[in-house]
Structure formats: structure tokens, C-alpha cells
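As C-alpha cells, the structure follows; a few thoughts come after it.
The values are calculated or read from the model by the stated rules, or taken from the named source; none is laboratory data. What you see is a predicted model; the values in this text were computed from it and never measured. Every residue, glycine among them, receives a Cβ derived from its backbone with ideal geometry; neighbour counts consider all protein chains shown. These area figures cover heavy atoms from the full protein model, side chains too; ligands, DNA and RNA do not enter into them. Shrake-Rupley method; radii C 1.70, N 1.55, O 1.52, S 1.80 Å.
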Amino acid sequence: MSSQDDKTIDQPVSGKTADKVFKGVAYACGILILVVLAAVFLFLFFRAWPLIGGDQAANSETVSSFTGGKASSFWGYVGPLLFGTVLVSLLALLISFFVSIGIALFISHYAPKKLATALSYVVDLLAAIPSVIYGLWGGLVLVPAIYPFWNWVATYLGWIPLFQGPAANPSRTVATVAVVLAVMVLPIITSMSRDIFLQTPRLHEEAALALGATKWEMVKLAVLPFGKSGIVSASMLALGRALGETMAVLMILSPGLNYSIKLLQASQNQTIAANIAAQYPEANDLGVSTLIGTGLILFLITFVVNYIARKITEKASA
């Protein structure tokens, strides 16, 4: 073999071409996300344009037909829907947050290995269940079963405006929907928090224990601060899921169009997504534009929520 062949064999293969290709693919994927996001916004905006720049008298008539005469303007229509959406979602997040963190800590730091593995499988399976299944469970099982409890709450805690009675029977109320949504988003927070807690540096945990900390003190001093930004991200992802939930709310909640915080009474609130699903089949072209306009508002609210979550996450990880 010649010296030239030896030189060719010994020369290392350059990875510059592969790096450029990978960099280009990564850039393309990142830009694709922005393009899809912009395309969704433009679709919603142009489909809702008749609501913005069309005949306002016809728009008022359409809104009035949707609300049974309770509202005649778009903002008078979408305002209570937005209020109901945020109310139900925040209640679901409030109910599920602490339970999810507790389950995640139990799986990651307290449960025996075999039990932790089984619970992890169960949590991941719960996250994969379609929302319509939760809706069926909520409508057929939870609604009749939970009435005695809501009635007890209304009887003894009715002096609190949130729990003012009488409790509706059947309990197709905001409180019941919030419980169902909490069960839906609980696996999301639990799964992400569990994975983050398991990534806590072992040296941090051992250092806390070496200083005489108990197991709970070690979790409080090492695990929770390490996972703070991840907990916020998981919570905001769950909140986004709750904000956009349609079928479970549609199948359980008795709708209303009020700015009401009476959680145990029926026909008080409605969410944007469930309202779109309920009104869409019988809507004309202008009605569809009105519903898409409410969807645009939900899109913007979701975007704002994720933006705020990003800022909170950056501060938490700083």
C-alpha cells in the first residue's frame, strides 16, 4: 500500500457536513413551530374578520340569538365565557396541584421501588385516557355520587359566597366540572414533577442528610428548590389543558352566561371551548365567525398564560 493510501486512511473523517445538516434541520423544526403558530392565528383572525369588520347589526343579532337576548355585543357575549373558562381552570389547578406534588414525591422518594414503578405506570396511563372518557365518568358516576357532599358543603359552609346554596341536584355545576378537570390534569403535573424530582443531584440530597436533616427536611431543602421551575412548567401545561378542555365540560356542566362564583349552583357559567362545541352545529356563516372569534380570544389567553409561565420559570431557575 502506498504512502498516499496510508495518509488517506489515517486522516480523520470530518463531521462538518453532518453538523451543518443537523443544524439546518434543527433550525427548520424551530421555524416550523413559529410558522404553524402564525398560521393558526391568521386562520382564526381571517375567519373571525366578519365579526370585526362586517355588519355590526347582523353581528348583534347573531350574538343575541346565541344568548337568548342576554347579550347583544361580542364582548358582552365572550366576557362571561372567558370568566367561566378561567374560573373552572384555576379551580381544577388548585385542586390537583398539591395532590400531584404529593404523589410525585411519594413515587420519587418514599415508595418502595416496585410500588413506585407500578404507580408510575398508572400515572402515565391516566394521562393517556381521552377526555370523553372522563366526561362519561363525570356525567354518569360522579354527578349523582357527589351531590350529598356538595349538599353538606352548602349547608355548613354556605355563608361563604363560593359555596352558597342550595346545591344543585343533579350536580352539573362548576364545582363538579373542576373536580373532573383536576383528575384529568393531575397525571400531567405528577408525571413531569416525578421526573424532575428524580433528577435532583444525589450529592445535594446526601449533603442535606449528612447535616442531620430528616427525609422531609431534605426534600424541602434540596428536592423542591431544584424542581421549582419544572413544577411551574408542569402546572402551566396542565392549566393550558384545562383552559382548552371541551368534551368533559360539555358533557357535565349545565351552562349559563353569568359572572358568578356560585360553584354549587347550576346554570351559572360556561367555558369558551364547550360553548363552541355546543353552538357550532346550528350556527350560520356569521355565527361560525362569532364562535371562531371566541376561539381567537381563547388562543390569545392561552398564549399569554404560557408567556407568563415562561417568565416565572426563568426567574425560578435563575
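List of remarks:
- When the chain is described by a simple charge dipole with +1 on each Lys and Arg Cβ and -1 on each Asp and Glu Cβ, the residue from F226, V183, A26 located farthest towards its positive end is F226.
- These residues, F41, F299, go from largest to smallest accessible area, 1.4 Å probe, as F41, F299.
- Expected-Rg normalisation [2.2 N^0.38 Å, Cα atoms] applied to the chain: 1.30
- Since only Q56, L286, A92 are under comparison, the one whose Cα sits farthest along the positive direction of the charge dipole of the stretch 46-317, derived from C-beta charges on Lys, Arg, Asp and Glu, is A92.
- About the Cα centre, charge dipole magnitude for the stretch 182-278 (Lys/Arg +1, Asp/Glu -1 at Cβ), debye: 120
- Calculated [θ] (222 nm, deg cm²/dmol) that DSSP helices of n ≥ 4 give over the chain, each run adding -39,500 (n - 2.57): -23500 deg cm²/dmol
- Entry note, the chain: relative contact order of 26 percent, from Cα contacts under 8 Å with a spacing of 6+ residues.
- Extension reserve of the L162-F149 stretch, reckoned as 0.36 nm per residue once the Cα distance is removed: 3.2 nm
- Dipole-positive endmost among L162, M192, N151 within the stretch 127-221 (Cβ charges, Cα centre): N151
- Heavy-atom accessible surface of the stretch 255-309, averaged per residue, reaches 44 Å², computed with a 1.4 Å probe.
- Each Lys and Arg Cβ is given +1 and each Asp and Glu Cβ -1; about its Cα centre, the chain then shows a dipole of about 580 debye.
- Per-residue SASA entry for F74, accessible area with 1.4 Å probe, Å² rounded to 10: 30
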